[in-house]
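**Student:** Take this structure first; my questions come after.
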Amino acid sequence: LTKETVTEDGWLRTGDVGQWVEGGRLAVIDRIRNLVKMATGEFVALEALESAYAVSAYVAHICVVADARMRRPCALVSLTEQTTHSVTADMVYNDLLAAGRLAGLPPPHMLAHIRIDPEPWTPENGLLTAANKLRRSAIHKRNESSLQAMFELMDRRGERLSE
């Protein structure tokens, strides 16, 4: 055991985020590596936001993107097979905002923008694991131009701090 694995007051660092619940029990609610500090100083749990937004009928998978320069997160979205071509990005975005409100997300956790990936995310194309978990780096790499376009839009609208 090292200083990196045990805190000075004796807690073991597992990489999990815990929350005290009724009865004095500790519940694991997230992973530290999935917490991102936003420009507002708030921490957002990417997977928790993805769970809140995944209730949208249009969404097969969603990858929330946030960093220390952003005032609000944005997202890359893979649509369900049932979603028709007549569905617009605005319709999906508005449905995601409704899902966020339904989940009780505070304003800084509401999506600023989305981009829809026309290709389904599957384990076969390397965008999901065999357990259907997101492969964030692969999704980001595949959607690099979409991410850059979202970041530029956020910069123009003052939704991201300059470097």
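**Student:** Rank-order 56-68, 76-88 by packing density, defined as the average count of other C-beta atoms within 10 Å over each peptide's residues, highest first.
**Tutor:** Answer by packing, highest mean first, reads 56-68, 76-88.
**Student:** Would you mind working out the magnitude of the charge dipole of the range 16-95 relative to its Cα centre, with +1 at each Lys and Arg C-beta and -1 at each Asp and Glu C-beta, to the nearest 20 Debye?
**Tutor:** In total the dipole reaches around 320 debye.
**Student:** Right, something else. With the full set of protein chains in place, find how many percent of the accessible area of the chain is carbon and sulfur; take the probe as 1.4 Å.
**Tutor:** Heavy-atom surface of the chain belonging to carbon and sulfur, 1.4 Å probe: 53 percent.
**Student:** Restricting the count to DSSP beta bridges whose residues both fall in the range 1-136, what percent are antiparallel, rounded to a multiple of 5?
**Tutor:** 80
**Student:** Per 10 Å bin, what percent of the C-alpha pairs of the range 20-120 does each bin hold, from zero upward?
**Tutor:** Spelled out per bin, shortest first, that is 15, 45, 28, 10, 2, 0.
**Student:** Give the long-range amide H neighbours of residue 143: residues separated by 5 or more places, or on another chain, with amide H under 5 Å away, using H modelled in the peptide plane at 1.01 Å from N.
**Tutor:** The list, which skips near neighbours in sequence, is empty: none.
**Student:** Right, here's the next one. In what sequence, highest mean first, do 16-22, 97-103 appear when ranked by Cβ atoms within 10 angstrom?
**Tutor:** Those peptides, ordered most packed to least, come out 97-103, 16-22.
**Student:** Compute the accessible area per residue over the range 1-107, keeping the other protein chains in place, probe 1.4 Å, unit Å².
**Tutor:** With the other protein chains kept in place, the range 1-107 gives 63 Å² per residue.
**Student:** Here is a follow-up. About the Cα centre of the range 50-163, how large is the charge dipole given +1 on each Lys and Arg Cβ and -1 on each Asp and Glu Cβ? Please answer in debye to the nearest 20.
**Tutor:** In debye, rounded to 20, the range 50-163 gives about 320.
**Student:** Between residue 103 and residue 16, what is the FRET efficiency for a Förster distance of 22 Å, r being their Cβ-Cβ separation, to the nearest 0.05?
**Tutor:** Taking R0 as 22 Å, the efficiency between residue 103 and residue 16 is 0.50.
**Student:** Here's another thing I want to ask about it. So if I take the centroid of the Cα atoms in the range 89-119 and the same for the range 1-63, what is the distance between those two points in Å?
**Tutor:** If we compute the Cα centre of each part, the gap is 21 Å.
The values are calculated or read from the model by the stated rules, or taken from the named source; none is laboratory data. Keep in mind the model is a prediction, meaning the values are calculated, not measured. Note: ideal-geometry Cβ built from the backbone for every residue, glycine included; neighbour counts use all protein chains shown. Please note that ligands, DNA and RNA were not included when accessible areas were found on the heavy atoms of the full protein model with its side chains. Shrake-Rupley method; radii C 1.70, N 1.55, O 1.52, S 1.80 Å.
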